[in-house]
Amino acid sequence: MASEVSTFTTPIADAPLARRFSPAWRLALLAAGGLVGVLGLTLAVSWVMGVGSWGVNIPFVWGFDLTNYAWWIGIANGASLFAAILVLRRHSLRTAVNRFAEAVALSGAICAGLFPIIHLGRPWLFYWVFPYPATYEVWPQFRSTLTWDLWGILTHIIVLGLLWYVGLIPDFATMRDRARSSRRQRIYGILALGWRNSVRHWSYHQTAYRLVAVLVLPLLTMMQSIVALEFATTLVPDWHETRLPLHFVATGLAQGLAIVLLVAALLRWGLSLEQHIDDRDLDLLGKLVLASALVAGYLMLDEVAAAYLSEPSEWTATRNRITGEYAGYFLAALVFSVVVPQLLWFRAARVSVLAAAYVGVSVSLGVWFDRFSIVIGGAQRDYLPSMWRSYAPTLVETGLLVGTVGLFAALLLLFVRFVPAVSMFETRHDEHEDRA
Amino acid sequence: MTAPAHGVIARFDEPEALERAVRAAKAAGYTQLDAYSPFPLRDVEQEFGVRPSALTWIAVTTGFIGAAVQYAAQYGLNVVDYPLNVGGRPLHSWPTFIPATLIVAILWTGTATLLGMLLLLRLPCLHHPVFAVPGFERASEDRFFLVILVEDPRFDRHAAIELLAAVGGQDAREVPACD
C-alpha cells in the first residue's frame, strides 16, 4: 500500500519519486555528464598510456595530481566540518542544509580519492599498499606516509558515507511508504533496512548519528596532516619542514569555512532560507572566515621567516617559490586567501550574500593556488641544479581536474534526483516543536 | 483456539495522545509496549526507559580493539616479521605507527556504530507483523501507533483493545503474527 497522504514533508518526498525532472536539471546533468566523459577519457589515457601522458617528471613527480587531491580534500573537510557541527549542536539550520552538506562532503571526498589512485602509475595494483603477503612476502612499510594515506582516504570516504547514510535510513523508509511502483518500493525498502519508526529504534538512531558526527571532527585534522606529512617526509628542501601539517590544517580550515560561507550564502539566496540562515549566522561565519584567513596569513609569513632562518638550500628553494617562475601562484594564494577576506572586517560585507559568495570563492581559489605553489613551486629548486626544470600540466592533467568538477556536479545532481534533499524526519520534528 | 498474534495496535493523530496512551497503558500494568512515530519522541523514550548508551559502548570498545589490532599489525610486520633497517633508526619507531592506528580506530568505531545499531535493533528486518496493519505506512509520515505486545504477562486481547480505545486510540485491533 503506497501512502497518498499529503503532509508538510510531502514535497521533499515527492521530488525524488517524480517520474521526470525539469529540463533544467536534465540540461545540467548533460553538461556534468559531458565533463564526466572528459574524466573518463583522461583517466583512460592515463591508464593506457601511463603517467607519461602527464607533464610530471623529476623533480615534479606529483604536479597537478596532488594539488587537486589536497584541494578536494579541503572541500570535503569543510563541508563535513559544517555538517558534523550542525548535528552535534542540534542547530536549527541543521534541518535545512545538513543533508546537502553531507552530500557535498561525500562527493568531494570521492573526487579527492581518485587522484592518489591514478597517480600510482599502475593504479590497478593499488592493493599492494594493503598489508597482505605479496609475491615476495614483502610487507608494506608502515612507517611510510603513503600507507597512512590509504587508511586515511578509505576511512574518510567510509565515515562520510556513514554520516550521510545513517541520517538517511528513516527517510528511505518514508520513500518506501510513498513509492508507487513496486520496483521503487523494493529499492527504497532495501535501503531503509526494514526501518519501522519504532520509538526505541529512534533512540538508538539518534545516538548513532551523533556518534558518527563526533568521529568526523578528529578525522578532518588527521586527513590534512597526513597529506602534509607526505610532503614533509620527503627530502625536497621546501617541503622538509615540521611546520607543514599546521600549514595544511590551518589553510584547509580557512578553505573549509569559506566553502561553508559560500554554500550558506547560495542556499539563502537560491532557496529563500532567510529564516533558517539569518544575518547572525552569516555574520558569525564571516568572522570565522576572517579569523582563519588571518591565521593562514600568519602561516604564510611564518613560511618565509622559517625558510630564511633555515639552511641555504631551503632558503633558495623557498625564495624561488616566492620570487621565481611560479611567484604568481604564491602571490595569488596570498591575495585570494588572505587579503580578499579582509573585506569581512566590515559588517555590511559580512551580511551581504554577494560579498559572502565572493569571499567564499576567493579563499577556495587562493588555497588551490597555495597548494600549486607548494607542490610545483616548492619542488623547482632541489639539491641538484641539473634537475632545475619547469612544469606545466598537459591537456590530460587539466582534463582530470575539469572532469572531477563534472563528477562532483553530477553526483550532487543525482543526489537531488534520487534522495530526499532535506532531512524529512528532522523537518517533522521541527514542525512539531514549533506547534508545541 | 485463536491464531497466533503479535499484539494489539491502535492509531493516534498527535504525539501528545500517544504519550498519554503510553502512560495509561503503563498505569494499567502493561510492560511490553512498543510505539511508532515519524520522528524521535524523547518523552516516550523515557517512559520506555530506552538506554542507547549500549551503542556508545559497543562503538568505543570496537574502536579500541581496532587501534590495538592496527598497532599490533604494524609492530608484528615491520618489527618482528620483516625488520627493515633504514639508516639505523629504531625498528619499533612508535610515533610513525600512531597516525594509522588513530585512523583505523576511527574506521572501526564508525563501522561498529552502524553495525552495532543494526545488531541491537535486529535490523535489517524487511518483514514485520506491523507492516501488515492497514494504514501503518503513515507511521513514517504523520501518524503515531502504540502496540501492546503479546509477550506481556497481563496480555488479554479484549482488555488491551478496550484500553487502547478508551485512551483515544483509533482502529484498535489485533496484529496477527507472521507465519
Report task. Please work out the Cα center distance from segment B:87-110 to segment A:73-123, rounded to the nearest Å. Result -> 24 Å
Report task. Extending each Cα 7 Å along its Cβ direction at A:Phe21 and B:Ala68, get the distance between those two points in nm, one decimal. Result -> 4.7 nm
Query raised in the report: Which of A:Ala31, A:Val87, B:Leu84 sits farthest toward the positive end of the charge dipole of the protein assembly as shown, with +1 on the Cβ of Lys and Arg and -1 on the Cβ of Asp and Glu?
Result: A:Ala31
Query - Net charge of neighbours whose Cβ lies under 13 Å from the Cβ of A:Phe21, counting Lys and Arg as +1 and Asp and Glu as -1 - result: +3
Report summary line: Highest mean packing first, using Cβ neighbours within 10 angstrom, the peptides A:140-151, A:360-371, B:38-49 sort as A:360-371, A:140-151, B:38-49
Query - Listed residue (A:Trp124, B:Thr31, A:Leu267) projecting farthest to the positive dipole end of the protein assembly as shown, Cβ model - result: A:Trp124
Query - Viscosity 1.002 mPa s, temperature 20 °C, Stokes-Einstein D of segment B:53-120 from Kirkwood C-alpha radius, µm²/s - result: 164 µm²/s
Report summary line: Here the net charge surrounding B:Val44, from other residues whose Cβ is less than 13 Å away from its Cβ (Lys, Arg +1; Asp, Glu -1), is -2
**Report entry** the protein assembly as shown: mean projected area of Cα convex hull, nm²
**Finding:** 31.9 nm²
Report summary line: Rounded to whole angstrom, the alpha-carbon centroid of segment A:188-229 lies from that of segment A:370-403 at a distance of 38 Å
Query raised in the report: Of A:Val353, B:Gln74, A:Tyr308, which is farthest on the positive side of the dipole of the protein assembly as shown, counting Cα position, with +1 on Lys and Arg Cβ, -1 on Asp and Glu Cβ, and the Cα centre as origin?
Result: A:Val353
Report summary line: From fewest to most C-beta neighbours within 10 Å, the residues B:Leu118, B:Leu107 line up as B:Leu118, B:Leu107
Requested in this report: Enumerate the amide H contacts of A:Tyr391 below 5 Å, restricted to partners 5 or more residues apart or on another chain; note that Pro and chain-start residues carry no placed amide H.
Outcome: none
Query raised in the report: Calculated FRET efficiency, B:Leu84 and A:Arg90, Cβ-Cβ r, R0 45 Å, to nearest 0.05?
Result: 0.35
Requested in this report: Search the structure for amide H atoms under 5 Å from the amide H of B:Val175, placed 1.01 Å from N in the peptide plane, and list their residues when 5 or more places away or on another chain.
Outcome: B:His6, B:Gly7, B:Val8, B:Ile9
Query raised in the report: Given charges of +1 on the Cβ of Lys and Arg and -1 on the Cβ of Asp and Glu, with all other atoms neutral, how large is the dipole of segment A:1-111 about its Cα centre, in debye to the nearest 20?
Result: 280 debye
Report summary line: In degrees rounded to 10, the 0-90 angle between helix A:353-375 Cα long axis and the longest Cα principal axis of chain A is 40 degrees
Query raised in the report: Relative to the longest principal axis of chain B, what angle (0 to 90°, nearest 10) does the C-alpha long axis of helix B:94-120 take?
Result: 20 degrees
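Counting other Cβ atoms within 10 Å, keep those with at most 14, restrict to DSSP loop, and tell me which trypsin sites (Lys or Arg not before Pro) in segment B:73-179 are left.
When the trypsin sites (Lys or Arg not before Pro) of segment B:73-179 are filtered for loop state and at most 14 Cβ neighbours within 10 Å, B:Arg122, B:Arg154 remain.
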Report summary line: For chain B, longest principal axis from Cα atoms; helix B:53-75 axis from its Cα atoms; angle between them, nearest 10 degrees, is 20 degrees
Report summary line: With Rg from the Cα atoms and Rh as the Kirkwood inverse mean 1/r over Cα pairs, segment A:234-391 has an Rg/Rh of 1.08
Report task. Pop out the ³J(HN,Hα) list for segment A:286-300 in order, Karplus 6.51 cos²θ - 1.76 cosθ + 1.60 with θ = phi - 60°, rounded to Hz; leave Gly and Pro as x. Result -> x, 4, 5, 4, 4, 4, 5, 5, 5, 4, 4, x, 4, 5, 5
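Rounded to the nearest 0.05, what FRET efficiency do A:Trp388 and A:Val361 have when you use their Cβ-Cβ distance and R0 = 41 Å?
Taking R0 as 41 Å, the efficiency between A:Trp388 and A:Val361 is 0.75.
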Query - Net charge dipole size for chain A [Lys, Arg +1 and Asp, Glu -1 on Cβ; Debye, nearest 20] - result: 1380 debye
Query raised in the report: After finding the eigenvalues of the alpha carbon gyration tensor for chain B, what semi-axes result from the square roots of 5 times each, listed largest first in whole Å?
Result: 52, 16, 13
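Can you tell me which of B:10-16, A:343-349, A:69-75 comes out highest on packing, and rank the rest after it, using the mean Cβ neighbours within 10 Å? Walk me through the intermediate numbers first.
Numbers: B:10-16: 19.3, A:343-349: 14.7, A:69-75: 27.3.
Descending mean neighbour count gives A:69-75, B:10-16, A:343-349.
If the viscosity is 1.306 mPa s and the temperature 10 °C, what Stokes-Einstein diffusion coefficient in µm²/s follows for segment A:295-382 when Rh is the Kirkwood radius over Cα pairs? Present the calculation step by step, with values, prior to reporting the outcome.
Numbers: Rh = 13.7 Å.
Stokes-Einstein gives a translational diffusion coefficient of 116 µm²/s.
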Query raised in the report: Once amide H atoms are placed 1.01 Å from N in the peptide plane, what residues at a sequence separation of 5 or more from A:His240, or on another chain, have their amide H within under 5 Å of its amide H?
Result: none
Query raised in the report: If you plug each phi of segment A:137-152 into the Karplus form 6.51 cos²θ - 1.76 cosθ + 1.60 with θ = phi - 60°, what whole-Hz ³J(HN,Hα) values come out, in order, with x for Gly and Pro?
Result: 6, 9, 7, x, 8, 6, 7, 8, 4, 5, 6, 4, 5, 4, 4, x
Query raised in the report: With charges only on Cβ, +1 for K and R and -1 for D and E, what is the dipole size of segment B:30-140 about its Cα centre, in debye, rounded to 20?
Result: 260 debye
Query raised in the report: Given 0.36 nm per residue, what is the gain on full extension from A:Ile187 to A:Val61 after removing their alpha carbon distance, in nm?
Result: 40.9 nm
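Any read-out appearing in this document is the output of simple, stated calculations on the displayed coordinates, not a laboratory observation. Keep in mind that what you see is a predicted model, and the values were worked out from it rather than measured. Here Cβ is always computed from backbone atoms with ideal geometry, including for glycine, and neighbour counts include all displayed protein chains.
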